[in-house]
Amino acid sequence: MSPDSPIPSPVPLDAPPQPHESKAWHGQLQLDFTHRHPKTHLSHSFAQSPFKVQRPFYPEGDGVCHVVMLHTAGGIVGGDRLSSQIQVQPDAQALLTTAAAAKVYRSNGQTATQSVQVQVQPGGCLEWLPQETIVFNGAQIQQRLRVDLADQALWMGWEMVRLGRTARGEQFSTGCWRSHTEVWRGDRLLWLDPQQLQGGSAMMTSAHGLAGCPVVASFAVVGREISPELVQAARSLWRLTGAEPSCSSQGDRPVFQPASQPASQPASQPGSQTAFQIGESAPDLTTEPARTLTPATVGVTRLMSGMLCRYRGHSTAEARRWLVAVWGLMRQNLVGRSPCPPRVW
Amino acid sequence: MPIPADSSASSSASLAYLLQLASPALPVGGYTYSEGLETLVQQGLLTTVAELEDWLTQELQTGAVRLEAVAIARLHAAVTADQPGAIAQWNQWLSALRDTEEVRLQSWQMGRSLVRLMQELEPDLTPVFQRCGDRTNFATAFAIAAAHWQIPVQSAMLGYLHSWLTTAINAGVKLIPLGQTAGQRLLMQLYPTLHETVETAQALPDEALYACNWGWAIASMNHETLYTRLFRS
């Protein structure tokens, strides 16, 4: 399902299905990837409901093992405790994604927790590329992601979050989303990112925080020194992917797509940036009165042994287009491999 | 170190040290940084004193500077209790937390300047600074100096935030531009928020250390792409 299209309504609307009200899910997922030349194998896999794992596949040859993770319960409810452990053994190369957008339903009062622990051994690489998370109004979720890298290990990961089902006019007026990420190399903390969004608070509308934008996304690469040229290239990709009119098949509303801005138009042409901002930043017109919206903005910076991209805007499809392009750039430059987007995207 | 034994004399001695540490005349170059304000002003996104007030209020309530104030409290306790491991750990925490390369380099540059200065002024502190590891953040050096001069922890946090706020307002006064009086009035208007941040930051447990500063981080990330720059961040 496209991230920006209306989400099928759970019944009744404001009380999403809570099939396990008395018994919250305690899901567990363990995946080990081992490299035996020339192939990376999924050497151990354990999934406890609601987690499920599809059979690994190799769309780009034996070198990289792709695995699609599934959450079979439809969404996360208050009190759920999900935990995952991912081991990437020496020289193994793995790419993980999810089959669909994750949903976090309005809380029954309890907080849902999701914890992910990743270890990447020397020469290993993990690409952690889940699809976006839709955080319903009133949801309470706390995520923790810890990555431990050995020397010469690499991690690339992103997170795309939509706050509220904005396609139906829902705003994130109550609830709390917390996401704590830390990446270590040995006993050295390389990157720490403790993010919190409190529904209905000033941070949602202040220019310092979200400026009324319901979509935020981050993409980080840690484990390599990144050159200023690559940072610059990642910024340029925003102009390129942003200038492209959106794919209406991806769920972006075609209403504002300016007919005079064909997809092939180079980003450097005057006006293209504006055209994209108008087209992409439009909220659902049926529910939002016409008003000035903060255009989507992005930033790229270097981390200690890495790089970080941030997006703040209105469209997960737009964020994804840019971040997929940056991911492709990093892949090509850091591991010498062409991008190979999983079919489920 | 010449701290008098008498308690009121001792408290006025520590006040003098705090004024020295929080003074804009402290030679660490704080005035050369805008922390993203220059980006916003150049892009026409921050043009009034009210917008600056909202920006600084949010940074104090939910931004990185609030977490720095927490680190000051933790480091102050670590220095006082002589826990070198904790000093190194919180310094590393500060380095990893920096949202952008520019603010990380800013913190390290100001930290290095303060360490050099303190090593001249208080040679006894050299081994303490050596425990920080390779890069000392400004908040780390500030907390070490404050603990050494027996500045109470709340005063140290207040002094750190006040110094940060003064610097940010001065950057706004130059960039927007605003009148000097408007800048001083804004500073006073932010005092309740400043005190509130000190109170809440001190009480925060480790598991509650979160920030929300997407606009701030993106403005700082884009600062290095500006064609002309007066400030270094």
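The values are calculated or read from the model by the stated rules, or taken from the named source; none is laboratory data. These numbers come from a predicted model, not from an experiment. Here the Cβ is made from the backbone with ideal geometry for all residues, glycine too, and neighbour counts use every protein chain on show. These area figures cover heavy atoms from the full protein model, side chains too; ligands, DNA and RNA do not enter into them. Shrake-Rupley method; radii C 1.70, N 1.55, O 1.52, S 1.80 Å.
Structural remarks
- Backbone phi angles across region A:224-236, fed through the Karplus curve with coefficients 6.51, -1.76 and 1.60 (θ = phi - 60°), yield HN-Hα couplings of 9, 6, 10, 7, x, 5, 5, 4, 4, 5, 5, 5, 5 Hz in residue order; Gly and Pro are listed as x.
- Anisotropy class of chain B from Cα gyration tensor, a/c 1.5 cut: prolate
- Cut-off 15 Å between beta-carbons: net charge of the residues surrounding A:Leu129, Lys and Arg +1, Asp and Glu -1: +1
- Other protein chain C-beta atoms within 10 Å of residue C-beta, averaged over A:190-200: 4.
- Compared with the dominant Cα axis of chain B, that is its longest principal axis, helix B:49-62 is turned about 40°.
- Peptide B:86-93 - average C-beta neighbours from other chains (10 Å radius): 1
- For region B:221-233, 3J(HN,Hα) computed residue by residue from phi via the Karplus equation (6.51, -1.76, 1.60; θ = phi - 60°) reads 4, 8, 4, 5, 8, 5, 6, 10, 9, 8, 10, 8, 8 Hz, glycine and proline entered as x.
- Potential extension, B:Leu117-B:Thr80 segment - 0.36 nm per residue separation minus Cα distance: 11.3 nm
- Angle in degrees between helix B:84-97 and the longest Cα principal axis of chain B, rounded to the nearest 10: 0 degrees
- 3J(HN,Hα) couplings calculated from phi for region B:17-30 with the Karplus curve 6.51 cos²θ - 1.76 cosθ + 1.60 (θ = phi - 60°) are, in sequence order, 4, 4, 4, 5, 5, 8, 6, x, 7, 4, x, 10, x, x Hz; Gly and Pro show x.
- Rounded, prolate or oblate (a/c below 1.5 giving rounded, otherwise prolate when a/b exceeds b/c) for region B:110-233 by Cα gyration tensor: prolate
- 10 Å Cβ neighbours from other chains, averaged over peptide A:307-314: 2
- For region A:288-345 and region B:8-29, distance of Cα centres in Å: 46 Å
- Compactness of region B:139-205, expressed as Rg and Dmax over alpha-carbon positions, Å: 13.8, 40
- Rounded if a/c under 1.5, otherwise prolate or oblate - the protein assembly as shown, Cα gyration tensor axes: prolate
- B:Arg185-B:Arg229 FRET efficiency (beta carbon distance; Förster radius 45 Å; 0.05 resolution): 0.95
- Computed helical MRE - 222 nm, chain B, DSSP H runs ≥ 4 contributing -39500 (n - 2.57), nearest 500: -22000 deg cm²/dmol
- Packing-based order for A:104-112, B:122-130, A:299-307, using average beta carbon neighbours within 10 Å, highest first: A:299-307, A:104-112, B:122-130
- Accessible carbon and sulfur surface of the protein assembly as shown relative to its total accessible area, %, 1.4 Å: 53 percent
- Cut-off under 5 Å, modelled amide H: who pairs with A:Ile76 long-range: A:Lys103, A:Val104, A:Tyr105
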